[in-house]
1. How large is the convex hull of the Cα atoms of the range 174-269 per residue, expressed in Å³ as a whole number?
2. At 25 °C and a viscosity of 0.890 mPa s, what translational diffusion coefficient does Stokes-Einstein give for the range 253-297, taking Rh as the Kirkwood radius over Cα pairs? Give it in µm²/s as a whole number.
3. Using only Cα positions of the range 217-356, each an equal point scatterer, no hydration layer, compute I(q)/I(0) via Debye at q = 0.09 Å⁻¹ and quote the log10 values to two decimals.
4. Would you mind working out the magnitude of the charge dipole of the chain relative to its Cα centre, with +1 at each Lys and Arg C-beta and -1 at each Asp and Glu C-beta, to the nearest 20 Debye?
5. Which of Gly337, Gly235, Ala277 sits closest to the plus end of the dipole of the range 231-346, meaning its Cα is farthest towards the positive end, when Lys and Arg get +1 and Asp and Glu get -1 on the C-beta?
6. Across 10 Å bins from 0, what is the distribution of all Cα-Cα pair distances for the range 49-186, in whole percents?
7. For the chain, with the dipole built from +1 on Lys and Arg beta-carbon atoms and -1 on Asp and Glu ones, taken about the Cα centre, which of His80, Ala182, Ser127 lies farthest toward the positive end?
8. Over the Cα atoms of the range 80-125, compute the convex hull volume and normalise it per residue, giving Å³.
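The values are calculated or read from the model by the stated rules, or taken from the named source; none is laboratory data. Keep in mind that this is a model prediction, so the values were computed, not measured. A quick note on method: Cβ atoms are made from the backbone with ideal geometry, for glycine too, and the neighbour counts reach across all protein chains shown. Only protein heavy atoms, including side chains, enter the accessible area calculation; ligands, DNA and RNA are left aside. Shrake-Rupley method; radii C 1.70, N 1.55, O 1.52, S 1.80 Å.
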Amino acid sequence: MDPLERLTAATRERTAAGLRRTLRPREPGHFQSGTLDLASNDYLGLSRDPRLAEGAIEAVRTWGTGSTGSRLVTGTTGLHTALEARLAEFTCMPDALVFSSGYLANLGVLTALRPGLIVSDQGNHASLIDGCRLARCPVVVTPHRDVAAVDAALDGARDAVVVTDAVFSVDGDLAPLRELHAVVRSRGALLVIDEAHALGVVGPGGRGAAYAAGLAGEPDVILTVTLSKSLASQGGAVLGAPQVIETMVDTARSFVFDTGLAPASAGAAAAALDVLAAEPALAERARDRARRLAGIADALGLETTSPAAAVVPVIIGDPHDAVRAAEICSGYDVRVGCFRPPSVPYGRACLRLTARASLDEAELTTVTRALTGVKEQIGPYSARNAEATRR
């Protein structure tokens, strides 16, 4: 019997369901090709900023191309500790610890805390879901943004952790952080907030959703961030009280047993923080462009949401139609994200448009043409589309 037949059969099933994924390498001239990129997470348009490139180059010149080992052996440099201090200062948190990715930061914090219970929002990112699974403790998944359900789940719990995205990665909406924190404090729990899609975009100067909600520096609040979106680099970090960071260093397996962040990534992220400090209006520009994108979709009768940050979904429904909609946009030289199950619930396949602070009027006009093509060739999302997909 062919040992790979099971995998081949599963691939056929995914193809029939419209759930196949493909890699689409970008060419070196991608940014000069005329294609409008609304698929990346480069929310502030810094990925090709010469200041970040110089930060990365100088880091390589000083520290070499790799960190050479785990953070506890040879992988911590002065650049890493300086970046941690800058991240803590920028977000107004007491302390920070840099990981080699935001995914690993989420795995690390949820496992190292050794909670007695985790309460997780239904819309949380896969990295948080995986962290819950690896924590080896009871997990209660609550309905999206349902504070009362979180409160009920915490009743009688000890050593509990509530975890939520700040800005949810597909719908682009904001978690009710103040309300969640009030519940967490009343129950003696901890609140872990993933700021991946908020850092650099939400709050004054892009300092994040926790800062905007007045929660930065609270002893029962822990943040995770990624350096790969607004900061246009690579890596992640956990931010919180010194006791939290000490626990991460001692027990977070995704920190202890992983090679440290490459110097180039640390240097680029530090440079991005310098840019944000010098140009705080970048965050508001990104949010404004997101509102403009949502307004275009809404005016065409396409279902979308009111964005809290840079993420703008356009609900299509059927995964086959979502793939076709992305292809229609490509025909207008607009590249968009295409999200299908399991990234989204069945019946809620969507295009995900990501705003960029540097989007101009001509580019917004191009988006209007592309989404008009989607409306004319596929039509707006409807409940009937969702029901057909479930069947």
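1. On the way: hull volume 9.8 nm³, N = 96.
Roughly 102 Å³ of hull volume per residue.
2. Numbers: Rh = 13.4 Å.
For these conditions, the coefficient is 184 µm²/s.
3. Ignoring solvent entirely, the Cα scatterers give -0.42.
4. Numbers: 39 positive and 44 negative charges, 167 e Å.
Charge dipole of the chain: 800 debye, to the nearest 20.
5. Gly337
6. Final binned percentages: 10, 31, 31, 18, 8, 0.
7. Highest projection toward the positive end goes to Ser127.
8. Details: hull volume 4.8 nm³, N = 46.
Given the Cα convex hull of the range 80-125, per-residue volume reads 105 Å³.
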